[in-house]
1. Using the Cα centre of the range B:210-328 as origin and beta-carbon charges of +1 (Lys, Arg) and -1 (Asp, Glu), tell me which of B:Ile232, B:Tyr213, B:Leu270 is placed farthest towards the positive end of the dipole.
2. Answer with one residue from A:Leu141, B:Thr81, A:Ile244: the one whose Cα lies farthest towards the positive end of the charge dipole of the protein assembly as shown, charges on Cβ with Lys, Arg +1 and Asp, Glu -1.
3. How high is the FRET efficiency between A:Phe180 and B:Thr33 when r is their beta carbon distance and R₀ equals 45 Å, given to the nearest 0.05?
4. Evaluate peptide B:106-118: per residue, the Cβ atoms of other protein chains within 10 Å of its Cβ; return the mean as an integer.
5. Give the lysines whose C-alpha is closer than 30 Å to that of B:Lys325, dropping any in the same chain fewer than 8 places away, or say none.
6. Going 7 Å from the Cα of B:Gln255 along its beta-carbon direction, which residues of the range B:287-326 have the amide nitrogen within less than 20 Å of the resulting point?
7. Dipole size in debye (nearest 20) for the protein assembly as shown around its Cα centre, Lys and Arg Cβ +1, Asp and Glu Cβ -1?
8. For chain B, compute Rh as the Kirkwood radius over C-alpha pairs and then the Stokes-Einstein diffusion coefficient at 10 °C and 1.306 mPa s; write the answer in µm²/s, rounded to an integer.
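Values in this text are rule-based calculations from the coordinates and carry no lab data. Computed from a prediction, not measured in an experiment: that's the story for all the values here. Neighbour counts run over all protein chains shown; Cβ positions are idealised from the backbone, glycine included.
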Amino acid sequence: MNLTAVRAIYRFEMARARRTLLQSIVSPVLSTSLYFVVFGGAIGSRISEIQGVSYGAFIVPGLIMLMLLTQSVSNASFAIFFPKFSGTIYELLSAPISHFEIVLGYVGAAATKSVILGLLILATASLFVPLQIQHPIWMLLFLVLTAMTFSLLGFIIGIWADNFEKLQLVPLLVITPLTFLGGTFYSIDMLPSIWQTLTLANPVVYLVSGFRWSFFGINDVSLAASLGMILLFLGLCLAIVAWIFRTGYRIRP
Amino acid sequence: MNDSLTVTQQSRATSAPSDVAPAIVSVRNLTKTYASGYQALKPIDLEIRRGEIFALLGPNGAGKTTLISIICGLVNPSGGTVLADGHDIVRDYRAARERIGLVPQELTSDAFESVWNTVSFSRGLFGKPADPAHVERVLKDLALWDKRDNKLITLSGGMKRRVLIAKALSHEPQILFLDEPTAGVDVELRRDMWNVVRRLREAGVTIILTTHYIEEAEEMADRIGVINKGEIILVREKRELMRQLGRKQMTLQLQQPLAAIPPALADYPLELADDGFELTYSYDSQQEQTGITGLLNAVNAAGIEVKDLQTRQSSLEDIFVNLVKERQ
């Protein structure tokens, strides 16, 4: 195990985040805070409590998930896309490191950034709404697992994309709609029954539900289903990454 | 990590350069066919000797970069094996790659990184513990020390090229690949670069460079390989190559044009050129008898008046062009 190399990649990526602090930390925290103000404050005051939780508090876990998914994907995809685009990936490919170590460095850094962001947003949210976290360990587990899984997904997208448009395609056309329709702003039993069934095909529902349960003890689907879904996703992403490296897909002809 | 480091040191200590030194890079039956079906390399065999400067010449698209890319791990081989200092580049890639440094053809860099950080990053990536003293030495050797805090985006093309060399040297490789090191570099910087390469060779680094500039190979290389259409068509000592293929020509410029070569001169390999105003005589300057005296006497006896005379050694470029042409 070439831990020195993993550390080098990890530090390099974290330094990149520090250099672009405004874009990587300040901007997501600010935009998520705007959601609290608009949805939680303005709209929330007209919506009654959901299963005993005020609407302002109810949307916090969903909003953290929304940000976690989009930031993990965009962070990790850019981190590997850019060396490919600029050509500096030659160094990575010629270095004495295994595929696993490359993923560990890049995905580790992207997931770390997402977790830090998630906690920052949580802290910001607690300024606006009274929050309780019933199961903090579960909360952290969901946070870390989701950050890892979607950073892996971002890594895959970054390798697959051969131009900037494709890099944006999946986050914009897949992740964002799934998140908005994934129970971020509502409980799925607020939907008409046909949509309740359809929405169960949306994986994000399970993530948001499990994460929300760790806060308030309320969920749309069972905890086991939430955990199972995130682990299934993680396994799927790991399998795709393994395939990418075995075949050299798009990086090592 | 520590294990691999001691292995490197040991193999360095036991591998003093000598005439019978085993090859430091040995390529056997290496082939590459890209997914598109394009065959970039036909089966290639090549041995690079420890401590030499080896120049790989070839026209565009000959397979130079593909060959280097396979050895360095950027491209997967389709068949055959490559050993770097005895380590298989696929099976034992860690040990093999640790010994290899690569300076790519394209000037690529992380625009917003500083020189110092990017070179230190490269060292870490290759699994070597931080060593500021070594990084400092490399930067000073490449005249980059004053620029160590500059962002890469602010550097000139020549400076960026040096940074790429510094990155490749950051992990103390034994084998250095330079892919077109002086492409688009001005004359002065090219001279500097050649000096850098010579110093590295003196330090015991084996250097493999590809180049378009024949004069570069002529100036630097100990041995020369010519690759064309995915095949190595020749590997030879540079001196031997120059001697064997390096013919000399003597050109006589005449006062009066000749319609044909006079019968008195028929014994000499002569060619008539420039509308009969020039007689060109090809000979081998290494032979005891070059035949020049005899020819000049015969020319004199035939009553041909000579206005001027010049001799010319064919350059590596002529050799190269002829070789590639012959194959086509």
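1. Checked the options; the winner is B:Ile232.
2. A:Leu141
3. Numbers: r = 47 Å, r/R0 = 1.04.
In this case the efficiency is close to 0.45.
4. Working: counts 4, 1, 8, 3, 7, 3, 4, 5, 0, 0, 0, 3, 3.
Mean partner-chain Cβ count within 10 Å for B:106-118: 3.
5. In chain and number order, the partners are B:Lys32, B:Lys42, B:Lys64, B:Lys229, B:Lys238, B:Lys248.
6. Once the point is set 7 Å along Cα→Cβ of B:Gln255, B:295-310 turn out to lie under 20 Å by backbone N, inside the range B:287-326.
7. Details: 52 positive and 52 negative charges, 372 e Å.
Computed about the Cα centre, the dipole is about 1780 debye.
8. Working: Rh = 22.5 Å.
Translational D for this selection: 71 µm²/s.
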